[in-house]
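Report on the structure given below.
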Amino acid sequence: MDPLIQLRDVYHAFGQGGLRKTVLQGVSAEIRRGEIVLLTGPSGAGKTTILTLAGGLRSVQAGSLRVFGEELFGATPATLLRIRRQIGFIFQNPNLLDALTACQNVALPLAWAGVIDPTEARARALARLEQVGLAEHADKHPNKLSGGQRQRVAIARALVVEPRLILADEPTSALDKQTGREVVELLQRLAQHQQCTVLLVTHDPRILDIADRTLSLEDGQLISHARGATQMATQLTAGVAELGRPELLTRQVASLDEPAFFRFLEESTGEMDELRRALQKARAQVSAARFDQLLVATTFKAGQFLRADRVTLFAVDAAAGKLRSRVAQSGSDQLLQIELDIGQGVAGYVARTGEVVRLRDAYESPLFNREVDRRTGYRTRSLLCVPVTNSAGQVVGVAQVLNKLGGGDFDEDDERRFKEFFRPIGRLLDQLIDTER
Ligand SMILES: Nc1ncnc2c1ncn2[C@@H]1O[C@H](COP(=O)(O)OP(=O)(O)OP(=O)(O)O)[C@@H](O)[C@H]1O
Ligand SMILES: [Mg+2]
């Protein structure tokens, strides 16, 4: 089935000449029928721009934007009007007309859509008001209603034409927490009831869970986060941080299969990003604790997938010329603290050069430093050590597995997977260093 909304390389700029400012730099995304998708991102990122483009309220400058299967790029005004009539719009400010009653406000779009029989229009508007719990306020004027009630009238107005799509721009931002939550839950329920798709712009992290998916707009690009994994990451990190028992997270992550684990990693990175932003000012200790727990859980899991006896993740402290273990497994589920000079050993080599090192027997390599083995009484044989890079391609960490279980070597496939595992973690390490700064 065709997606309900499909953006392909949508570009948008405002202004002319030297004042020209590109807001969307080739945005691509798909929204399927019946989905509830949140659109988040920093102020000025272009969220409202996307909404107005998708709603046919603004012309598409470049790229392809299909809504209900119709191309909006180069569309005629008649096409745009036809599209708009199948969409319910909800804005931050309910934009109700004070001269009209709640019921008359709700009925307005029916008049635009050509329903002229006043009895029918009133009946349909009343039915909607009843759905949003405002039947007894139908004949009041908006200035006699509370903010939450006015926003519910706006929802009733958006739904009255039985739209296929609702576009909502920060509908809860003027409401208190409780009322905001009630309003979106109502919207979610009604939309599901009539299989209406919802694209909702929000800054409100408290309502992220009502959505099937979150799209975040950053630097002119859209990134999608699935709900299941988002929720899982939130619950795991939140729950475990409160309990202060990292081993629980480890155990829960351990039960995931490989695709689920990848999703978890990707989602955790998104979650951590949100968390980091929320906590940046407070610099709450818990943030660092969560990062650590997540690192421990994911690093252990990566070691498990590679069937390694030990796994270690070092963070590179370039300024101090050191590698510090963030996660280093010992035989007894205890974590080791290891600190190495960047000039030292295999991990130091990988940190300096960004190269991968794979050894059949570490003791045969001049790169290998036996110091840690000597300290711990361990005997390293096979070894795989990969660089962990941040989004800018700098080496911010080094991940290492030792001794493939059942003997044998780590192979090319292990190398590929190990690098893959630590791609999202590279972003986490970056953020961790940011938070600690
Ligand atoms: N009509 C316009 N003319 C010129 N620039 C505009 C216009 N509309 C938006 N912009 C600029 O485009 C950028 C994106 O605006 P947009 O309203 O889409 O952001 P937003 O993500 O919705 O932000 P917010 O969260 O603050 O509502 C902003 O930098 C804004 O200043
Ligand atoms: Mg906006």
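The values are calculated or read from the model by the stated rules, or taken from the named source; none is laboratory data. As the structure is a computational prediction, the values presented were derived from the model and not from experiment. Positions of Cβ are generated from backbone atoms using ideal geometry, with glycine treated the same way; all protein chains shown enter the neighbour counts.
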Pairs only if they're at least six apart or on different chains, beta carbon under 9 angstrom, first in segment 9-21 and in a loop (DSSP other than H, G, I, E, B), second within 16 Å of ligand 2 (Cβ to nearest atom); list them, first residue then second.
Gly15/Lys21; Arg20/Phe14
Run down Ala78, Ala29 and say which single residue is in a helix (DSSP H, G or I), more than 12 Å from ligand 1 (Cβ to nearest atom) and either in contact with a Lys or Arg (Cβ under 8 Å, 6 or more places away or on another chain) or assigned by TED's automatic domain parsing to the domain that holds Leu110 (or both).
Ala78
Considering only residues that are in a loop (DSSP other than H, G, I, E, B) and touching a helix residue (DSSP H, G or I) at 6+ places or on another chain (Cβ under 8 Å), which ones fall in segment 368-391?
Phe368, Asn369, Arg370, Tyr378, Arg379, Thr380, Arg381, Ser382, Asn390, Ser391
Only one of these conditions is not met by Asp176: (1) surrounded by fewer than 22 Cβ atoms within 10 Å (Cβ to Cβ); (2) of a type outside the set (Val, Ile, Thr); (3) within 14 Å of ligand 2 (Cβ to nearest atom). Which number is it?
(3)
Any idea which residue in segment 20-32 is nearest to Leu222 (Cα to Cα), counting only those that are buried (at least 16 other Cβ atoms within 10 Å of the Cβ) and within 16 Å of ligand 2 (Cβ to nearest atom)?
Val27
From the residues in segment 337-393 that are of a type in the set (A, V, I, L, M) and in contact with a Gly (Cβ under 9 Å, 6 or more places away or on another chain), which one is farthest from Phe314 (Cα to Cα)?
Leu367
Quick count over segment 36-70, residues being of a type in the set (Lys, Arg) and more than 13 Å from ligand 1 (Cβ to nearest atom), is 1
Give segment 120-147 a look and list any residue that's over 28 Å from Arg33 (Cα atoms) and in contact with a Leu (Cβ under 7 Å, 6 or more places away or on another chain), or say none.
Ala135, His137, Ala138, Pro142, Gly147
When segment 113-132 is checked residue by residue, the ones that are under 35 Å from the mean Cα position of the chain (by Cα) and surrounded by 20 or more Cβ atoms within 10 Å (Cβ to Cβ) are Arg128, Leu129, Val132
Just one listed residue, out of Ala168, Ala121, Ala135, is within 16 Å of ligand 1 (Cβ to nearest atom) and either in the same structural domain as Glu70 (by TED's automatic domain parsing) or under 23 Å from His193 (Cα atoms) (or both), and it is Ala168
Among the candidates Ile50, Ile83, residue that is within 15 Å of ligand 2 (Cβ to nearest atom) and not in a loop (DSSP other than H, G, I, E, B)
Ile50
Output the residue which, of all residues in segment 33-43 that are near ligand 2 (Cβ under 10 Å from one of its atoms) and at pLDDT below 90, is farthest from Pro163 (Cα to Cα).
Ser43
Could you list, in sequence order, all residues of segment 392-437 that are in a helix (DSSP H, G or I) and modelled with pLDDT of 85 or more?
Glu412, Asp413, Asp414, Glu415, Arg416, Arg417, Phe418, Lys419
Out of Leu110, Leu100, sole residue that is part of a loop (DSSP other than H, G, I, E, B) and either more than 16 Å from ligand 2 (Cβ to nearest atom) or surrounded by 19 or more Cβ atoms within 10 Å (Cβ to Cβ) (or both):
Leu100
